[in-house]
Amino acid sequence: MTELRYLPDADDVTTFTATVTEATQEYVVLEGTYFYPEGGGQPADRGTLEWDGGRATVGNVRKDHGEVRHDLESLEGEPPEPGTTVEGTIDAERRRDLSRMHTAQHVVSRLVLEEFGATTAGNQIHVDRSRIDFEPADFDGDDLERIQRLSNEAIERDYAVTKADRPRDAVEAAVDEGRSLLEMIPDHVDPLRVVDIEDFDMCPCGGTHVDRLGEIGRIEITDRTSKGENVERLEFELRDS
Ligand SMILES: [Zn+2]
């Protein structure tokens with residue numbers, strides 16, 4: 001098992017050292033990592049690993065049966081032996097962009113639930129644009145303008161974002177219906193990592209997030225498409241405010 005060290009609230013760490021447990025020409029496994037592995041609608045971090053006698057760039061990071069594999073895009077020297085200490089450096093700008101996007105997604109998902117009673121059926125974030133599928137929903141132009149305006153008003157209030165582990169039964173009791181897919185999280189996962197936006201939203205989530213809403217900038221809804229009956233897909237981008 002690779003320890004996910006960015007959890008619950010170290011998602012601002014982008015340099016670290018860790019011990020190798022397995023390495024090939026293709027990938028490196030560490031006993032613990034701060035790299036985010038792809039999942040939950042958020043792409044993986046990228047960066048580099050360096051050790052005595054070698055260096056590699058990390059092109060992708062993914063979970064494989066509880067292990068986190070850092071896929072090597074390029075390798076200089078020989079792969080590190082198990083037990084070797086490596087220095088990990090995460091592409092901090094990419095991480096920051098993905099964190100801003102992920103917190104922005106929580107803001108929009110909360111507002112749409114509150115204003116339109118629609119839940120988030122799926123989402124995919126990227127560095128430059130993101131999308132959320134809402135159900136049931138049928139938005140018109142005024143609705144989009146309203147979602148964008150209310151999202152940006154929440155961001156301007158600069159609420160604090162906190163991340164913590166909480167007992168599962170407490171989360172189940174406190175989370176609003178439609179704001180989590182708790183039934184999708186296996187029963188044995190307890191405690192749950194929860195992302196709280198002060199006075200505004202609470203949602204179990206394993207992604208990376210900013211510490212204050214003001215870091216997001218400004219949300220601009222750029223597209224809306226119908227994805228079948230009752231499902232609407234919104235796309236948004238972030239602007240520096
Ligand atoms: Zn999330």
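The values are calculated or read from the model by the stated rules, or taken from the named source; none is laboratory data. None of the values given here were measured: they were computed from a predicted structure. For neighbour counting, all protein chains shown are included, and Cβ atoms are generated from backbone atoms with ideal geometry for every residue, glycine included. Remember, those area values only see protein heavy atoms, side chains included, never the ligands or the DNA or RNA. Shrake-Rupley method; radii C 1.70, N 1.55, O 1.52, S 1.80 Å.
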Worksheet item: Quick one: if you stick a label point 7 Å off each Cα along the C-beta vector at THR17 and ASP71, how many nm between them?
Response: 3.0
Practice prompt. Tell me the GluC sites (Glu not before Pro) within region 146-241 that lie in a loop according to DSSP and have at most 11 other beta-carbon atoms within 10 Å.
Written response: GLU177, GLU229
Practice prompt. Please report, as a whole percent, how much of the solvent-accessible surface of region 112-241 comes from carbon and sulfur atoms (probe radius 1.4 Å).
Written response: 42
Worksheet item: How high is the FRET efficiency from SER241 to THR162, r the C-beta distance, R0 22 Å, rounded to 0.05?
Response: 0.50
Worksheet, complete the sentence: Of all GluC sites (Glu not before Pro) in region 22-131, the ones in DSSP coil with at most 16 other Cβ atoms within 10 Å are GLU26, GLU31, GLU38
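Which FRET efficiency, nearest 0.05, do GLU87 and GLU114 yield, Cβ-Cβ r, R0 30 Å?
Working: r = 44 Å, r/R0 = 1.48.
The value I calculate is 0.10.
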Worksheet, complete the sentence: Heavy-atom accessible area with a 1.4 angstrom probe orders MET202, MET101, MET184, most exposed first, as MET184, MET202, MET101
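Loop-only chymotrypsin sites (Phe, Trp or Tyr not before Pro) in region 30-103, please: DSSP not H, G, I, E or B, and at most 12 other Cβ atoms within 10 Å.
Within region 30-103, no chymotrypsin sites (Phe, Trp or Tyr not before Pro) qualify (loop, at most 12 other Cβ atoms within 10 Å).
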Item to complete: With the Cα gyration tensor of region 90-241 in hand, give its eigenvalues times 5 under a square root as the equivalent ellipsoid semi-axes, listed largest first in whole angstrom.
Response: 23, 20, 14
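Tell me, what is the per residue accessible area of region 3-90 in Å², probe radius 1.4 Å?
46
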Worksheet item: Based on the Cβ-Cβ distance from ARG55 to ASP128, what FRET efficiency comes out when R0 is 25 Å, to the nearest 0.05?
Response: 0.35
Worksheet, complete the sentence: A correct Kirkwood calculation over the Cα atoms of region 125-187 returns a hydrodynamic radius in Å of 15.2
Item to complete: Mind pulling the per residue volume of the convex hull built on the Cα atoms of region 3-90? Å³ is fine.
Response: 81
Discussion item. Taking every DSSP beta bridge with both residues inside region 1-159, roughly what % is antiparallel (nearest 5)?
Written reply: 95
Discussion item. Apply the Karplus curve 6.51 cos²θ - 1.76 cosθ + 1.60, θ = phi - 60°, to the phi angles in region 149-161 and return the couplings in whole Hz, x for Gly and Pro.
Written reply: 5, 5, 4, 5, 5, 5, 4, 5, 6, 6, 4, 6, 10
Worksheet item: What does the charge dipole of region 3-90 about its Cα centre add up to, to the nearest 20 debye, if the Cβ of each Lys and Arg holds +1 and the Cβ of each Asp and Glu holds -1?
Response: 180
Worksheet item: With charges set only on the Cβ (+1 for Lys and Arg, -1 for Asp and Glu), what does the dipole of the chain come to about its Cα centre, in debye to the nearest 20?
Response: 200
Item to complete: Taking only Cα atoms and a 10 Å spring cutoff, compute GNM fluctuations for the chain and point out the largest among HIS70, HIS209, HIS188.
Response: HIS188
Worksheet item: What percent does the relative contact order of the chain come to when contacts are Cα pairs within less than 8 Å and at least six residues apart?
Response: 19
